[in-house]
Amino acid sequence: MSDPSSALPTWCEGDDWCPMESTAAIIGKKWHPVIVHTLLESGPLGFNALQRDLDGISSKVLSESLEDMEEKRLVERRVISETPFRVEYALTEHGESLEPVIDAMTEWGATYLEEAAEPAESIV
């Protein structure tokens with residue numbers, strides 16, 4: 001188990017489901033799990049490389065997602081002091097610890113979901 005002093009702050013009523021609800025609030029946005037998955041697979045990436053790997057995400061949504069994930073201490077923004085300088089995004093220890101959750105989501109989806117014939121039939 002990780003160091004309790006590095007735990008992410010959360011609050012909710014209902015002790016039985018609080019950990020699940022809080023986790024869903026942290027990674028429950030559409031692109032968050034996909035970003036974590038991509039950084040787990042590829043390691044630290046620059047903004048453009050990350051956007052290229054996440055086919056279909058706009059610059060605005062990626063920027064907002066990364067900012068939210070930084071605030072939630074899942075991702076860190078690193079400025080690489082080369083000329084010209086560049087920025088890359090990497091998972092923090094908290095972000096890396098989501099690997100079993102992301103793997104379970106991927107496995108569940110591969111087992112229980114199938115591609116819809118038309119977009120209107122999709123559940124997402």
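The values are calculated or read from the model by the stated rules, or taken from the named source; none is laboratory data. Predicted, not measured: the structure shown is a model, and the values here were computed from it. Please note: Cβ atoms are built from the backbone with ideal geometry, for glycine as well, and neighbour counts cover all protein chains shown. Quick note on the areas: whole protein, heavy atoms, side chains included, nothing else; ligands and nucleic acids left out. Shrake-Rupley method; radii C 1.70, N 1.55, O 1.52, S 1.80 Å.
Quick one: pull the percent of accessible area on the chain belonging to carbon and sulfur, 1.4 Å probe, ligands and nucleic acids left out.
On the way: 4760 of 9010 Å².
On the chain, the fraction of accessible area on carbon and sulfur atoms equals 53 percent.
Leaving out ligands and nucleic acids, note down the accessible area per residue over the chain with a 1.4 angstrom probe, in whole Å². Show your work: numbers first, answer last.
Numbers: 9010 Å² over 124 residues.
Per-residue accessible area for the chain comes out at 73 Å².
Once you charge only the Cβ atoms, +1 for Lys and Arg and -1 for Asp and Glu, what is the size of the charge dipole of the chain about its Cα centre, to the nearest 20 debye? Mind dumping the intermediate values first?
On the way: 9 positive and 25 negative charges, 120 e Å.
Its charge dipole is roughly 580 debye.
Using helices alone, what [θ] at 222 nm do you get for the chain, with -39,500 (n - 2.57) per DSSP H run of 4 or more residues, divided over all residues and rounded to the nearest 500?
Details: 6 runs with 59 residues, N = 124.
After summing the helix terms and dividing by residue count, I get -14000 deg cm²/dmol.
Can you tell me what the convex hull of the Cα atoms of the chain projects to on average, as an area in nm²?
Details: hull surface 40.8 nm².
For the chain, the mean projected area of the Cα convex hull comes to 10.2 nm².
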